[in-house]
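Comments concern the structure below.
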Amino acid sequence: MSTKEAECRAIDKASQELIAKACDDCVELSWDRYEKQQPQCGFGLLGLCCRHCSMGPCNINPFGGEPQFGVCGASADTIAARHFGRMTAAGAAAHSDHGRGVAETFLATAKGEIKDYAIKDERKLYKFAMDFGIEIGDRDVKDIAVELGEKALACFGNQEGEIPTVKLAPLKRQELWRKQGIMPRGVDREIVEMMHRTHIGVDMEYKNIIKHASRTAIGDGWGGSMLATELQDILFGTPEPVASRVNLGVMEEENVNIIVHGHEPLLSEMIVAAAQDPKMLAYAEEKGAKGITLSGICCTANEILMRHGIPIAGDFLQQELAIASGVCEAMIVDIQCIMQSLPIVAECYHTRVLSTNERGKIEGAEHIEFHEDHALEIAKDIVKAAIENFPNRKGNACIPKDQMDLIGGFSHETINYLLGGTFRASYRPLNDNIINGRIRGIGGVVGCNNPRTSPLDSYHVRMVKELIKHDVIVLQTGCSAIACAKAGLMVPEAALKYAGPGLAEVCETVGIPPVLHMGSCVDNSRILMAAAAVVKEGGLGDDISDLPAAGAAPEWMSEKAISIGHYFVASGVYTVFSGSFPTLGAKKVTDYLFNGIEKDVGGKWAFENDPVEAAHMMIAHIDSKRKELGLDKGTERVLMDMADRRALD
Ligand code: XCC
Ligand code: SF4
C-alpha cells in the first residue's frame, strides 16, 4: 500500500505504518470491509428502511415517488423516528447494563461478599449517599455503602416516580422535564417502553416517539450512565490529573504486551493489579521478556488512563492495527465496540484474543470468563495466558515510533479544585472567565471513529482545533478524546500553540490543556455534572440551555452515541453530528429534531459533514447564547482588560 493510500485512512503516522503493514500481511481491516460494502443501502442510510414485522422489509422512496408507505401504512417519519428511538434504546441499554453491573458489584463489595474490590473514595461515597437522601450521621461506612448500593441498584428497575440522580440536574431543567412528561422513571422501564412503542402498530406519531426517546436518553445520561460513573469513582477512585502517553507506539518490543479493550473497569482494574504483581513480572522474565506493558483501547483505555495513568494504545479503528504490530501477546476484551474480526486478524500473528464477559463471546476467540467474586484470581490467569504467549511471536514485528504525551483525569471534581484551589474549590473562575469573554464557551466533543469519516481522527482533530482557536474550551470523552490526545492537544503547551489568546491565558494561569480528557463514554455524565455545576455557580443563566455551550460527535458510529447525543439535546445542548444522521430521509422528523424540539427541551440536533463548518455552527450557537446572556460585548471587554492589566504591569 502506498503512503498516500495509508494517509487517506488515518492522520497519525503510527496508524499509517500499521495500516500499510497489515496490507503487506494480507490482513483485511475495517477500511477494506467498508470499501467492500459500497455502495451502502441508501434507504438504510436515510432511515427509510423498516423490518419491524414480516410484512416487510419496507422501504420509502426518498425522492417523493412511490412507495411512500410501508405495508402497515407507516410513513417515512414514523419509520425514521422508530429507528431513532430504537437506536436510543439500544445505546441507553448498553450504558445502563454496564451501570447495573457496577451497582451489583458495588453492593456485593459493601456487604463484604466479594473481597477484591474496596471503597476507595469515601468522600464521594458520602456525597453520593446524600444525593440519595441517605442519612450519614455517625453511621458506619459499610452501612451507608450498603444502603447506597441497594438504592442505586433499585434505580435501574424503578417503575414509578423519579430516581434520585435526576435531582442533580438544574432545578429549572427538572421542572421542564416534568412539564414535558419526559422525566425518566427507571431506565429499564423506559427502554422496554421504547421497544414496545416502536413495535408495529403502536406509536405512529413521530413527535410522540421522539418524546419517549428523550425520556429514555435522559434515563441513560442522568441515570444509568451517571450511576456507572459515580459508583466506579467510589469503588476505584475519582480521577485526578495524571500524565501518560498515547498511540500504538506505547507497546514495547522486549515486553509482554497486554491490551485491554472494551468498557468495564470491573475487569480492567483487576488486570491492572494483576499485571503489576511481582509474581507476574517474574513469570514474564522467566518467559524471556523484560517486563509487562499494559495498555488500553477504546473506553477501557480511558478508564485506566484516568485512574492509573496506564498508556492508551489506540481508539476504535486502531484495534486491528494493534494486533498487526505482531507484538501484542493478548487482547483482552469485554463488552461494546469490539470487532468480530479480531480473531481473524490474530490468525496472521500470535495474539490471543480473550473474551471475558458472559454477555460478549466471539466466534474464534478464547473465552476466560470473568466473575467479580474471584476477580483478581481470574485476572491473574488472564495475564498468565498473555505471558505464556510471549515466546510464540511470529513474522515481522513492527512497533511504530509514534506516541504522544497527554494529561488525563479531569473529573468534574478535579476541574473544580484546579480552578478554585482546594480551599475554595469552585467553578467561579471558569464562570468568570466565560463572563469576561476570555473563554468564549464550552464545547463537548465526544464519540467514536468511523471509516465513513476517514482519515481516522481527522474530523475530531480539525473540529477541536477550530474550537480552541476561537477560545472555546473543549471537554472530551471516548475515542474522540483519544484522537485529540494523539494529535497533541492534551498537554498544557497545546494552549499556546493552538488556542486563542483568551483561552490560552486561562490555561496558562491554571496550568491545564485547552482540551480536557473527562473519561469514557459513560463518563459523559461528568460533562452533564460539569454543566450543572456551571449553572449552579451562577451568572450564566439558570439552565443548561442558557449556557454558551455546544456538543458534537464528528466521527460517531454507535447507538450509544445516539443516546448520548439525544440526552445532551434533551438536557438543553445544541449537538452537531457528522458522517451520517439516522433520520435524514424523513423530512418532518428531521425538521423536528433540528428545529422544533428546541421549543420543547431547549436543545436541538444539527448535521454538518464538514468538521470545521460544524465547529463554526457550534461557535455561532455559543455566540447567540452569549448574546442572550448579555455577554456579547465580552470579547471587546477582554481586550480592554488585557490592555489595562498590561498598563498596570
Ligand atoms: Fe465505542 Fe466507548 Fe464510540 Fe469509542 S467512543 S467507539 S462507543 S469506545 Ni464512546
Ligand atoms: Fe413494513 Fe410496517 Fe412491518 Fe415496518 S412495521 S416492516 S413498515 S409493514
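The values are calculated or read from the model by the stated rules, or taken from the named source; none is laboratory data. What you are looking at is a predicted structure, and each value in this text was computed from that prediction instead of being measured. For neighbour counting, all protein chains shown are included, and Cβ atoms are generated from backbone atoms with ideal geometry for every residue, glycine included.
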| remark: Scanning region 1-36 for residues that are assigned to a loop (DSSP other than H, G, I, E, B) and in contact (Cβ under 8 Å) with a residue 40 or more places away in the chain gives Ile11, Asp12, Asp25, Cys26, Val27, Glu28, Leu29
| note | Considering residues that are farther than 15 Å from Ala614 by Cβ and not in a loop (DSSP other than H, G, I, E, B), the number found within region 465-475 is 2
| message | Looking only at region 476-495, how many residues end up being surrounded by fewer than 23 Cβ atoms within 10 Å (Cβ to Cβ) and either among the β-branched types (Val, Ile, Thr) or assigned to a strand (DSSP E or B) (or both)? | response | 1
| field | So Val612, is it at pLDDT 95 or above, out of contact with any Gly (no Cβ under 7 Å at 6 or more places or on another chain) and surrounded by 24 or more Cβ atoms within 10 Å (Cβ to Cβ) | value | no
| query | So Cys72 fits all but one of (1) part of a helix (DSSP H, G or I); (2) more than 16 Å from ligand 1 (Cβ to nearest atom); (3) farther than 14 Å from Ala154 by Cα; (4) not β-branched (Val, Ile, Thr); what number is the exception? | reply | (1)
| task | Would you please list the contacts, defined by Cβ atoms under 9 Å and residues six or more apart or on different chains, that run from a residue in region 139-164 that is of a type in the set (Phe, Trp, Tyr) to a residue that is not in a helix (DSSP H, G or I)? | result | Phe156/Ile163; Phe156/Gly186
| said: When the residues of region 388-425 are narrowed to those that are among the polar types (S, T, N, Q) and under 27 Å from the mean Cα position of the chain (by Cα), which ends up farthest from Tyr349 (Cα to Cα)? | reply: Asn416
| task | State whether one or more residues within region 323-331 are in contact with a Gly (Cβ under 9 Å, 6 or more places away or on another chain) and of a type in the set (A, V, I, L, M, F, W, C). | result | no
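Inspect region 37-52 for any residue being in a loop (DSSP other than H, G, I, E, B) and either near ligand 2 (Cβ under 8 Å from one of its atoms) or over 33 Å from the mean Cα position of the chain (by Cα) (or both) and give the result as yes or no.
Residues of region 37-52 in a loop (DSSP other than H, G, I, E, B): 37-41, 47-48, 51-52.
From what's left, either near ligand 2 (Cβ under 8 Å from one of its atoms) or over 33 Å from the mean Cα position of the chain (by Cα) (or both): 51-52.
Within region 37-52, one or more residues are in a loop (DSSP other than H, G, I, E, B) and either near ligand 2 (Cβ under 8 Å from one of its atoms) or over 33 Å from the mean Cα position of the chain (by Cα) (or both).
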| note | Ser325: passes all of (1) in contact with a strand residue (DSSP E or B) (Cβ under 7 Å, 6 or more places away or on another chain); (2) surrounded by 24 or more Cβ atoms within 10 Å (Cβ to Cβ) but (1)
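Yes or no: region 275-290 includes at least one residue that is under 28 Å from the mean Cα position of the chain (by Cα) and within 16 Å of ligand 1 (Cβ to nearest atom).
Step one: of region 275-290, the residues under 28 Å from the mean Cα position of the chain (by Cα) are 275-276.
Restricting the remaining residues to those that are within 16 Å of ligand 1 (Cβ to nearest atom) gives none.
No, the conditions are met nowhere in region 275-290.
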| The lone exception for His98 - which of (1) buried (at least 24 other Cβ atoms within 10 Å of the Cβ); (2) away from ligand 1 (no atom under 16 Å from the Cβ); (3) not small (Gly, Ala, Ser) it fails | (2)
| query | So which of Glu205, Glu254 ends up being of a type in the set (D, E, K, R) and farther than 23 Å from Phe84 by Cβ? | reply | Glu254
| What are the residues in region 615-643 that are under 13 Å from Val472 (Cα atoms) and at pLDDT below 95, if any? | Thr635
| request: Answer yes if at least one residue in region 61-81 is under 30 Å from Met270 (Cβ atoms) and either more than 13 Å from ligand 2 (Cβ to nearest atom) or of a type in the set (S, T, N, Q) (or both), and no otherwise. | output: no
| note | Restricted to region 420-441 and to residues being in a helix (DSSP H, G or I) and of a type in the set (Val, Ile, Thr), the residue surrounded by the fewest Cβ atoms within 10 Å (Cβ to Cβ) is Ile435
| request: Give the residues of region 247-273 that are within 23 Å of the chain's Cα centre (by Cα), of a type in the set (A, V, I, L, M, F, W, C) and in a helix (DSSP H, G or I), sorted by residue number. | output: Leu248, Val250, Leu266, Leu267, Met270, Ile271, Val272
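Give region 391-419 a look and list any residue that's of a type in the set (A, V, I, L, M, F, W, C) and either in a loop (DSSP other than H, G, I, E, B) or farther than 20 Å from Glu303 by Cα (or both), or say none.
Ala397, Cys398, Ile399, Phe410, Leu418, Leu419
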| Residue satisfying all of: in region 537-561; assigned to a helix (DSSP H, G or I) and within 11 Å of the chain's Cα centre (by Cα); surrounded by the most Cβ atoms within 10 Å (Cβ to Cβ) among these | Lys560
| Tyr498 being surrounded by 23 or more Cβ atoms within 10 Å (Cβ to Cβ), away from ligand 2 (no atom under 16 Å from the Cβ) and either touching a residue at least 12 places away in the same chain (Cβ under 8 Å) or under 12 Å from the mean Cα position of the chain (by Cα) (or both) | no
| query | Being among the polar types (S, T, N, Q), away from ligand 1 (no atom under 16 Å from the Cβ) and surrounded by fewer than 24 Cβ atoms within 10 Å (Cβ to Cβ), is that true of even one residue in region 442-455? | reply | no
| task | Please find, among Ala81, Ala90, Ala74, the residue that is within 30 Å of Pro184 (Cα to Cα) and in contact with a Phe, Trp or Tyr (Cβ under 8 Å, 6 or more places away or on another chain). | result | Ala81
